[in-house]
Amino acid sequence: MTGKMRPGNPIPVSDLASALLDPVLRRRAGLSVDLVQSWPEIVGERLASRTRPEKIAWPRRLHEDDPFEPATLVIACEGPAALHVQHETGEIISRANSFLGFAAIGRVKIVQKPVSPATPSRKKALRPLAEAERRRIESLTSGIDDPGLRESLERLGASILASAKKPPLAKS
């Protein structure tokens, strides 16, 4: 935790848990809470439910002047997922290194074991848009020449409006 704690100010439990668990994970497994929490973004949703990072195994250096050698990322996965992980090893290494900010991982080691299922996040059902809302989105994006960009922005606008609890007041 950074900064001074002031008595009486609420602190999110996740901040407290991260502050307590991060040093333990780093010492024991070479992992950070951030890497574990970001695992679905690193390997994708399909593999995230069937895999988890176990540890980062750094090679021993006999002397402090020895050159840097990348570590091995140990991934626990269930039997059928091992083949998928093996095929996507290069991509996983690239994404993990991008996440870590440097070429820390050089190879992946797969350990087959049961992985506790992650609870899937439930998306809230979005309310249907009123016709006036649809027309407003179309009028706001009508000046965009690129059809792909225009379609993406229309979807974004529709999802923002649909996630609002109450329809916004119509603008005159």
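For this structure, a couple of remarks:
- Qualifying residue in region 50-60 (condition: modelled with pLDDT of 85 or more and in contact with a Ser or Thr (Cβ under 6 Å, 6 or more places away or on another chain)): no
- Of all residues in region 65-120, those satisfying the criterion of being small (Gly, Ala, Ser) and more than 15 Å from Val43 (Cα to Cα) are Ala71, Gly79, Gly101, Ala103, Ala104, Gly106, Ser116.
- Condition met for Arg127 (modelled with pLDDT of 90 or more, surrounded by fewer than 16 Cβ atoms within 10 Å (Cβ to Cβ) and of a type in the set (D, E, K, R)): no
- Test for Ile105: is it under 23 Å from Ala48 (Cβ atoms) and either modelled with pLDDT of 85 or more or surrounded by 12 or more Cβ atoms within 10 Å (Cβ to Cβ) (or both): yes
The values are calculated or read from the model by the stated rules, or taken from the named source; none is laboratory data. Just so it is clear, the model here is predicted, and its values are computed rather than measured. Please note: Cβ atoms are built from the backbone with ideal geometry, for glycine as well, and neighbour counts cover all protein chains shown.
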